[in-house]
Amino acid sequence: MAPFEETVSATRAGRLDNLGDTIMRIITLPLALIDIFMSALQRRTGIQRFGYIFVIPNLLIFGIFIILPMLLNFFYAFTTGTSILPENRTFVGMANISQLLTCEDYSRPLTCNQDLFWRGVGNTARFVLFEVTLIVALAMITALALNR
């Protein structure tokens, strides 16, 4: 190799090193700031309770999108009306549930007062039975095929 080519090669290697250092600084700066915050938080909460810090956001999301709508639907089951706001709904007790469960013969959903409800229950049961079973079976076959 000629001396000029060695110089150019060394210059390119130096630029790549500088670029790598710059990228590492860009990556490590936010991580260092997060580490300062998390270290202070760990000192304040203690090492035994520090895991709760990571669980709290998941619990909040679960509560907002799962628990709250579930409780609201439970409340709606005992009230009547079309309003979304709970204060605009009147309490009817078990009347809604007794209307759903009024059937001449439970084996024939068309004899019920609310046949659309029982049709929905049947559709959900068929979906769970066939679709979920099929998906699990296909996933198992795929896993076995990939394992070999």
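When only Cα pairs under 8 Å and 6 or more residues apart are kept, what is the percent relative contact order across the chain?
8
Springs join every pair of Cα atoms under 10 Å in this Gaussian network model of the chain, and among Thr102, Thr90, Thr22 the largest mean-square fluctuation is at Thr22.
Taking amide H positions as modeled 1.01 Å from N, with prolines and chain starts lacking one, the residues under 5 Å from Val92 and 5 or more places away or on another chain are Thr79, Thr80. Within the chain, helices built from complete DSSP H runs that reach 24 Å or longer along their own axis (Cα positions) and carry a mean Kyte-Doolittle hydropathy of -1.0 or higher are 3-45. Accessible surface of Asp115, taken over heavy atoms with a 1.4 Å probe and every protein chain present, rounds to 50 Å². The residues of the chain present an accessible area of 86 Å² per residue when probed at 1.4 Å with all protein chains retained. Note on Phe54 and Leu33: the model spin-label points, each 7 Å out from Cα along the C-beta direction, lie 2.3 nm apart. For the chain, carbon and sulfur atoms together expose 70% of the accessible surface, with a 1.4 angstrom probe and every protein chain in place. Rounded to the nearest 20 debye, the dipole magnitude of the chain is 280 debye, with +1 charges on Lys and Arg beta carbons, -1 on Asp and Glu beta carbons, and the Cα centre as origin. Applying 1/(1 + (r/R0)^6) with R0 = 25 Å to the Cβ-Cβ distance of Leu71 and Leu116 gives a FRET efficiency near 0.55.
If the label point is 7 Å along Cα→Cβ of Glu104, which residues in the stretch 110-133 have backbone nitrogen under 19 Å from it? Correct set: 110-119.
The values are calculated or read from the model by the stated rules, or taken from the named source; none is laboratory data. Computed from a predicted model, the values in this text were never measured in an experiment. Every residue, glycine as well, gets a Cβ built from its backbone with ideal geometry; the counts of neighbours run over all protein chains shown. Note: accessible area is taken over every heavy atom of the protein model, side chains too, but ligands, DNA and RNA are not part of it. Shrake-Rupley method; radii C 1.70, N 1.55, O 1.52, S 1.80 Å.
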